[in-house]
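Note sheet for the following structure.
Bear in mind these aren't lab numbers, they're just calculated from the coordinates by the rules spelled out. Since the model is a prediction, treat every value here as computed from it, not as a measurement. For neighbour counting, all protein chains shown are included, and Cβ atoms are generated from backbone atoms with ideal geometry for every residue, glycine included.
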């Protein structure tokens with residue numbers, strides 16, 4: 001008896017369930033796998049033995065399709081780092097005991113940086129202890145697109161499509177009045193500006209898109225920002241700005257931190273303002289025109305109703321890749337996508353040592369950002385465009401998308 | 001020579017361009033109309049004679065479909081009230097002079113309360129001055145759904161579908177962790193809670209939806225809210241709350257105003273917090289668990305990529321109705337939709353005196369809100385459900401929806 005266990009970790013995305021669908025698909029078509037199990041709430045759920053039988057849950061025709069269009073993590077998630085093995089190996093022993101008890105031979109973990117740390121540590125533990133009957137594989141996931149070793153991450157393309165579409169809509173919305181107004185939209189990304197760059201996709205069909213785009217990689221200057229906005233206001237009535245939540249000044253201090261520490265409400269509590277909110281106040285103070293700040297907030301990571309078909313397809317393929325590599329006896333790897341051509345867009349699926357991935361961050365390269373630091377370059381657009389292609393045939397019922405519930 | 005002029009006013013919606021498409025369609029198929037013109041930026045653009053030739057702009061196959069899926073007001077908008085005629089009739093004289101100059105016999109104005117005020121005043125002026133060769137008609141539009149005299153307003157159904165879909169996604173997103181957390185989502189609506197009620201549509205297919213829903217009609221008590229949240233937290237890890245931006249206490253003071261007057265940032269400027277933000281702080285202070293506030297902001301009114309097919313269809317039909325009534329010699333009316341049956345959903349299109357509509361507000365009736373004031377009733381659901389049915393076949397190009405540009 002050899003069972004497979006899959007689990008999800010980290011922040012939700014619109015595509016992580018497609019990865020689970022890929023794992024299930026590959027497992028269902030292999031003679032090496034008997035039971036297919038899901039752990040609820042990631043590695044935390046493994047330690048608590050909270051398992052669901054995925055063969056039972058995903059049984060009807062179309063269940064896999066429904067799983068692919070269900071947002072967030074259908075198996076739940078966790079933010080849980082395994083202890084350092086040198087300090088405390090008890091969690092590792094417990095996990096192996098549980099795996100043995102349930103005859104789990106393959107464990108696939110879909111997630112971001114922290115989750116790859118878990119895959120790294122757990123596979124290293126197995127290797128060090130000559131545990132050869134348990135294979136541990138990672139599958140990438142993060143809307144932030146900041147994992148190294150893979151051209152891009154599942155979940156990013158769908159978030160980018162949501163952001164591109166939303167900026168296209170916001171541009172039209174803000175354009176209707178002929179009075180001067182500034183709209184500042186904050187996009188997720190503390191340390192990498194990939195998602196904010198995706199706002200430029202709103203220009204794909206000739207739309208004006210954002211007037212200004214600030215990623216978090218270059219040092220951000222409020223003075224330059226205000227000068228840029230004033231310059232745009234000379235030409236346009238409506239100025240639309242995209243900024244990363246993680247914009248920082250030249251000393252590396254988050255713009256959002258520059259106000260929140262001192263502002264208080266009438267109960268004496270600090271206000272934790274986002275960076276867009278801080279800039280909104282700066283525009284109101286220094287320019288004085290109508291100004292509004294918007295946060296795309298959680299919507300940008302779970303908008304499966306406008307998922308990218310390329311993203312959902314690749315997410316599924318990466319789940320299958322992770323599963324296949326495990327079935328072929330590999331451990332300690334992360335499935336990855338390698339791009340071989342932008343146009344026509346071509347990729348192949350592979351796997352790389354997870355030790356090269358965990359606890360690292362892929363930032364936006366300089367050549368993807370214009371010299372003024374207030375827009376992206378054509379190189380960035382060539383990178384982004386293929387990732388948002390195609391629409392998924394979302395199944396609606398009663399006017400609302402239909403989901404599958406695994407627990 | 002008899003020309004028709006159409007213009008848009010008030011806040012953008014996902015459906016107001018479908019109304020213009022309806023006007024164009026009806027005008028194109030009538031022998032009574034020669035030129036079809038659009039005024040840019042509403043009545044303001046009329047006074048400035050900023051016109052576009054819609055026969056020229058909407059010429060290719062599929063242009064009308066593109067117009068229907070373009071969000072916001074393709075002809076631009078304005079927030080402009082005509083002067084009171086008793087005080088100053090010069091604007092009216094000027095409009096009539098311009099209409100005569102351009103041989104405009106039919107003027108269709110799509111918009112909300114303020115726009116219907118314009119239709120009312122202008123048609124009354126014509127009547128009082130025996131100007132019988134110019135017909136002025138209104139077409140309803142507002143995501144707020146607060147116009148009287150029509151069962152519902154074009155734009156509302158699409159906003160409701162976006163809100164229902166988004167709450168379904170947010171519920172899945174917030175559900176993934178097994179730690180206690182509260183998410184408070186602020187929905188547009190200063191005086192009417194229709195849009196906030198639409199969050200309940202996220203339950204259409206068995207989803208849990210928001211735990212609590214507070215419209216702006218009943219008096220809001222922060223104490224009761226905190227008690228409700230605590231009660232939900234006893235049963236669930238994740239508590240999702242929908243609130244109207246316009247929730248007010250028993251004295252009619254906006255909850256959002258209770259903080260903004262005193263809170264200042266380190267520059268001494270007031271913070272204008274939304275009501276969700278105020279409640280976020282209250283939960284942090286009084287309950288102490290993880291809490292987040294989200295504003296659906298402009299996205300809820302311009303999300304044409306997830307428009308309701310029923311809404312877009314009806315918006316077009318109301319544009320046609322307004323046009324037909326004008327061609328048949330009527331003036332001073334607003335096209336309206338009358339619902340004759342919930343299931344199967346049946347409506348008919350009519351027109352009512354615009355004087356009955358302008359400067360009035362349709363609030364949510366008591367029977368649509370539960371007794372505790374923290375959810376909606378089945379009566380509300382029966383009202384809402386038909387309005388979000390069906391998906392529009394959005395035309396994408398390069399991964400992003402395609403729009404038409406009229407100016």
Between the stretch B:304-334 and the stretch B:20-58, what is the C-alpha centre distance in whole Å?
14 Å
Most fluctuating of A:221, A:158, A:256 in the GNM of chain A (C-alpha, under 10 Å) is A:221
Least to most buried among A:68, A:174 (fewest other Cβ within 10 Å first)
A:174, A:68
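Stretched out fully, how many nm does the piece from residue B:1 to residue B:81 gain, at 0.36 nm a residue minus the Cα gap?
25.9 nm
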Sequence gap at least 6, Cα distance under 8 Å: using those rules, report the relative contact order of chain A to the nearest whole percent.
23 percent
Sort the stretch A:1-63 into rounded, prolate or oblate with this rule: let a ≥ b ≥ c be the square roots of the eigenvalues of the Cα gyration tensor; rounded if a/c is under 1.5, and if a/c is not under 1.5, prolate when a/b is larger than b/c, oblate otherwise.
oblate
If I model a spin label as a point 7 Å beyond the Cα along the Cα-Cβ vector, how far apart are those points for residue B:224 and residue A:223 in nm?
5.3 nm
Just to be sure I understand the model, the point goes 7 Å from the Cα along the line to the Cβ. What's the resulting residue B:285 to residue B:359 distance in nm?
4.0 nm
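Of the DSSP beta bridges with both residues in the stretch A:156-301, give the percent that are antiparallel, rounding to the nearest 5.
In the stretch A:156-301, approximately 10 percent of DSSP beta bridges are antiparallel ones.
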Ranked from fewest to most other Cβ atoms within 10 Å of their own Cβ, A:125, A:345 fall in the order A:345, A:125
Taking square-rooted eigenvalues a ≥ b ≥ c of the alpha carbon gyration tensor, is the stretch A:156-301 rounded, prolate or oblate, where a/c under 1.5 means rounded and, failing that, a/b exceeding b/c means prolate?
oblate
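Express in nm, to one decimal, how much length is gained between residue A:100 and residue A:237 on full extension, taking 0.36 nm for each residue of separation and deducting their alpha carbon distance.
Once the chain is fully extended between residue A:100 and residue A:237, it gains 42.7 nm.
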Longest principal axis of chain B (C-alpha) makes with the long axis of helix B:113-128 (C-alpha) an angle, in degrees to the nearest 10, of 30 degrees
When a footprinting reagent is the concern and you count Cβ atoms within 10 Å, what order do A:153, B:126 take, fewest first?
B:126, A:153
Mean-square fluctuation check for chain A, GNM, Cα pairs under 10 Å: which of A:291, A:376, A:23 is largest?
A:291
per DSSP, antiparallel bridges as share of beta bridges in chain A, % nearest 5, sits at 35 percent
Tell me whether chain A comes out rounded, prolate or oblate; compute the Cα gyration tensor, take square roots of the eigenvalues as a ≥ b ≥ c, and use a/c under 1.5 as the rounded threshold.
prolate
Which angle between 0 and 90 degrees, to the nearest 10, do you get for helix A:90-101 versus the longest principal axis of chain A when only C-alpha atoms count?
50 degrees
Compare A:87, A:338, A:257 in a GNM of chain A, Cα atoms joined below 10 Å, and give the one with the largest fluctuation.
A:87
So the angle from the long Cα axis of helix B:309-327 to the longest Cα principal axis of chain B, reported in degrees to the nearest 10, equals 30 degrees
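What FRET efficiency would be calculated for the residue pair residue A:341, residue A:372, taking the C-beta separation as r and a Förster radius of 35 Å, to the nearest 0.05? Present the calculation step by step, with values, prior to reporting the outcome.
Details: r = 30 Å, r/R0 = 0.86.
Computed FRET efficiency for residue A:341 and residue A:372 comes out at 0.70.
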Antiparallel bridge percentage (DSSP; both residues within the protein assembly as shown; nearest 5)
35 percent
Between copies, how close do the residue B:219 label points come, placed 7 Å along Cα→Cβ, listed in nm from shortest?
5.6
